[in-house]
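The next block holds one structure in the form of structure tokens; read it before the comments.
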Amino acid sequence: MNSHKVPKIVATPPGPKAKKILEEDERFLMQSFVRWYPLVVEKAEGCILTDVDGNEYIDLNAGIAVVSVGHRHPKVIEAIKEQCNRFLHYSLTDFYYNPAVELAKKLSKITPGKFEKKIFFCNSGAEAVEGALKIARGHFKGSRQYIMAYIGAFHGRLFGSMALTSSKPVQRKWFSPLLPGVEHVPYPYCYRCPWRQNYPECGYWCVDFIEDYYFKKYVPPDETACIIFEPIQGEGGYVVPPPEYWGHIRKLCDKYGILMISDEVQAGMGRTGRWFGIEHWNVTPDLIAIAKGIAAGLPLGAVVGRSEIMDLPRGSHASTFGGNPVSCAAASAVIDVIEGEKLLENASKIGEYTMKRFEEFQEKYELIGDVRGKGLMIGVELVKDRRSKEPAVKELNKILLKCFKKGVAVIGAGKSTIRIAPPLTISMELMEKAIDIIGESIGEVEREG
Ligand SMILES: Cc1ncc(COP(=O)(O)O)c(C=O)c1O
């Protein structure tokens, strides 16, 4: 694929082949998904997607922050093939194999904290989150039933993780009762502070609230097992907390002996220009949930934690497919590629440039209310009016559709935020083209009114 000629639209999408698949998808698949526009992928390489009608797109989604090292990275493919030639499966639940041990050693090294760690492998983000919850409650032998989570969070859609998730009512509606013991507090979303405060004059009132109201009025801290959080909220709108926030929460957790679980499913594995999002706050969590970017497209999740906390008794937690050897081999290759190709540096460099370009657009386009992010996890929040900050929901959808038709695959987050999360391998040349197309589309939508 020649990246100079991308994007390339040869049949207005959805083209005839795409239309047929869309019809059959609707007929044969349950339609509980989100789906932003009718992109039907046929193949993908690096940062370029080709649809079934031969259109080529710049991929700013990375399969929702999954293909960290780009699509079909040759070293990942090679590792997968090698493992396929050995064996595909033999369940860690009852037996042993080296690809899992090798990966566990690598994950121990790249995760924050210089202490001894242990790893639990599963298949997805929701499973990693739920594993972490069980580990936390289990560590206290059931004596601490409460779990603190954040409003606006997304931690998955299974019953345990759904009880934590609170970014849209549709995610929970009809499914109650949920896991008991979960209580939510507001996320430090400074652009839309629930207390209408301004940072830094607020003096971190959102942290005082947790101590002075949440813990003192209704949730006993000595019965709280853990606080689970996304270091940067993903589905909630790519929301970046202020600089000392997680440090304050760490202190609070230490004071009451509460475990801190960083859900790095979206922000981890190099996405933010550091291995894990929480590193931007110089904070070491007790447990980390990982998935998405870990195996560049193969299903894998992991919980990494202090050895003394990862102490569930035999038979209490396991998964038949968790830590599949092919996925583990792919994940080991992903870590090598991120290190070998200096992708953390690339994410920081391209991310900084992208932020700068969107800040320039913000001066030009009233629609852009806020630009925020770290590395290649960037949110551009759109508002109808900068004073009322009314979310520009329709405008977001129009912009995403225009981008798609022009050959840039990018989606939204929160109510009205453009979510930029390309593979960490993206080149400056491709990113510039994508930024130009997004900027042009914002301008068109603004003019159309
Ligand atoms: C922060 C976070 N946690 C958990 C999940 C759930 O992951 P999965 O869809 O693999 O279950 C997601 C998915 O978007 C996520 O962004």
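The values are calculated or read from the model by the stated rules, or taken from the named source; none is laboratory data. Model, not experiment: these values are computed from the prediction. Ideal geometry is used to build each Cβ from the backbone, glycine not excepted, and the neighbour counts take in all protein chains shown.
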Note to self: Quick check on Phe159: is it at pLDDT 95 or above, surrounded by fewer than 16 Cβ atoms within 10 Å (Cβ to Cβ) and closer than 21 Å to Phe33 by Cβ?
What the structure shows: yes
Sole miss for Gly142 among (1) more than 13 Å from the ligand (Cβ to nearest atom); (2) modelled with pLDDT of 95 or more is condition (2)
Cβ pairs under 7 Å, 6+ apart or interchain, first in region 124-153 and within 17 Å of Glu308 (Cα to Cα) and among the aliphatic types (A, V, I, L, M), second within 14 Å of the ligand (Cβ to nearest atom) and assigned to a helix (DSSP H, G or I), ordered by first then second residue, are Leu133/Gly160
When region 415-443 is checked residue by residue, the ones that are charged (D, E, K, R), under 18 Å from Leu396 (Cβ atoms) and outside any strand (DSSP E or B) are Lys415, Glu440
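Pull up region 35-58, narrow it to residues that are more than 15 Å from Ala18 (Cα to Cα) and in contact (Cβ under 8 Å) with a residue 40 or more places away in the chain, then point me to the one that is surrounded by the fewest Cβ atoms within 10 Å (Cβ to Cβ). Working first, answer last.
From region 35-58, those more than 15 Å from Ala18 (Cα to Cα) are 44-48, 58; that's our starting set.
Applying the additional criterion that residues be in contact (Cβ under 8 Å) with a residue 40 or more places away in the chain yields 45-48, 58.
Working: Glu45: 16, Gly46: 20, Cys47: 26, Ile48: 24, Ile58: 25.
For region 35-58, the residue satisfying everything is Glu45.
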Taking first residues from region 339-364 that are surrounded by fewer than 15 Cβ atoms within 10 Å (Cβ to Cβ) and second residues anywhere that are not in a helix (DSSP H, G or I), the pairs with Cβ under 7 Å that are 6 or more apart or on different chains are Glu359/Val371
Of those in region 125-139 that are small (Gly, Ala, Ser) and out of contact with any helix residue (DSSP H, G or I) (no Cβ under 7 Å at 6 or more places or on another chain), the residue farthest from the ligand (Cβ to nearest atom) is Gly138
Scanning region 167-189 for residues that are within 17 Å of Gly414 (Cα to Cα) and either modelled with pLDDT under 95 or touching a Lys or Arg at 6+ places or on another chain (Cβ under 8 Å) (or both) gives Ser167, Lys168, Pro169, Val170, Gln171, Arg172
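Could you say whether any residue in region 285-293 is assigned to a loop (DSSP other than H, G, I, E, B) and either of a type in the set (S, T, N, Q) or touching a Phe, Trp or Tyr at 6+ places or on another chain (Cβ under 6 Å) (or both)? Steps first, answer last, please.
Of the residues in region 285-293, the ones assigned to a loop (DSSP other than H, G, I, E, B) are 285-286, 291.
With either of a type in the set (S, T, N, Q) or touching a Phe, Trp or Tyr at 6+ places or on another chain (Cβ under 6 Å) (or both) added as a condition, the list becomes none.
No, there is no match, as no residue in region 285-293 is assigned to a loop (DSSP other than H, G, I, E, B) and either of a type in the set (S, T, N, Q) or touching a Phe, Trp or Tyr at 6+ places or on another chain (Cβ under 6 Å) (or both).
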Within region 61-116, of all residues that are within 16 Å of the ligand (Cβ to nearest atom), touching a helix residue (DSSP H, G or I) at 6+ places or on another chain (Cβ under 6 Å) and assigned to a loop (DSSP other than H, G, I, E, B), the one nearest to Leu343 (Cα to Cα) is Ser68
